[in-house]
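The structure under discussion appears below in the form of structure tokens.
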């Protein structure tokens, strides 16, 4: 920004031009500069360079200012993309921030493990149902207004959950988590729809690839902050952190509001149109197949968030504190980052099917490794979290390809996004709920849940390709 405000002393004060006899012309240097910027957008100072270069080589100050304007617009657009990614991962943060506090919550309220699991399961139920609610709202009210409505409902749900702090009744927490999930579910469906509306196909793929990186940051910060707060202030502090998180998301909806105006016009809402859109989505074999495969990434994330804290803080395994558990999750965060960045690279050179197959295969190998370590009594915190870190690398490979093709399988992107996320989360909810209710050790709940769905995802991918070839 310093270069944009810089005015060379050699510029004539009256004409604001330099070396006008040696003027290169707008078309040659300007187009050359912009072409270089387009090819190498990662070079943050390129626009600064061309702004000063044009002035010193004979261009006008107005031309340089135009270059700075382009930079400011790109910077503003980038910040809005970051805001969109924050909405995509909002539910992941809301779900995982409380997960390190589950053992402390269980001890504080003298609960059975089923009630603890229910706090996650009900959140997933509300999150799943919300996908179908906000699809029609996104068409009628607009993407951003529907997003804002969801954030308000999220704050109401967190407020209900806070009642449990004072009366120590689990039911207020459960109802509040359900309402919160119904609200924050707007973040996924509305944001994916908005991305597909505003950006061209290749750019949308790139943004959705970075969505995994957003999940990484959201989940890691949720687990880490939740662990620190629980260790120092108890499980109640996580609810206050969730309220601040929800309030910040509500404020962000006003920041991205201008993107709506660059999007598509709103559509009339009716039950008939809503059902027609969902029926078209259900009839799409591509949407169904990729949504079911997408659910593997969700199963990994939420089954881990449910069972891993109980495993890590169990005296039979590692006997970690909530803070130590949060710190060990740094390994998982690194795995998520690697998976997200790897997906961005490999999708440029390999087909989405090949990337999905690689992610599914890696997930299966890691599950076999975890079982081997457990059965041979070789499990340590480092080996456990290193293995789960590779699980999140697999998740990072699966997510972007599956979500893009699922949400673009029919012409109505709002209906496609809503139905794809509904199927994805419905299946994940069933798995988490069923595995949580089984009478077995927490480790085997985690293992059988992930390995079972990994095999299922491979079968779905195989069958879908057989139908495509026919």
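Observations
- The range 226-366 - percent relative contact order, Cα under 8 Å, separation 6 or more: 28
- Distance from the alpha carbon centroid of the range 148-183 to that of the range 335-379 works out to 35 angstrom.
- The label-point distance for residue 248 and residue 350, in a model that sets each label 7 Å from Cα toward Cβ, rounds to 3.5 nm.
- Three-way shape label, the range 133-292, alpha-carbon gyration tensor, a/c 1.5: prolate
- Peptide ranges 453-464, 184-195 listed from the most packed, as the mean C-beta count within 10 angstrom indicates: 184-195, 453-464
- With the convex hull drawn over the C-alpha atoms of the range 111-221, the volume per residue is 107 Å³.
- Residue order, fewest to most surrounding Cβ atoms within 10 angstrom, among 392, 364: 364, 392
- Rounded, prolate or oblate (a/c below 1.5 giving rounded, otherwise prolate when a/b exceeds b/c) for the range 89-469 by Cα gyration tensor: oblate
- The range 89-469, relative contact order [Cα under 8 Å, separation at least 6], %: 26
- From most to least packed by mean Cβ count within 10 Å, the peptides 89-101, 420-432 give 89-101, 420-432.
Throughout, read-outs are computed from the coordinates displayed, never taken from laboratory work. Everything numeric here is computed off the predicted structure, so don't read it as measured data. Positions of Cβ are backbone-derived with ideal geometry, glycine not excepted, and every protein chain shown enters the neighbour counts.
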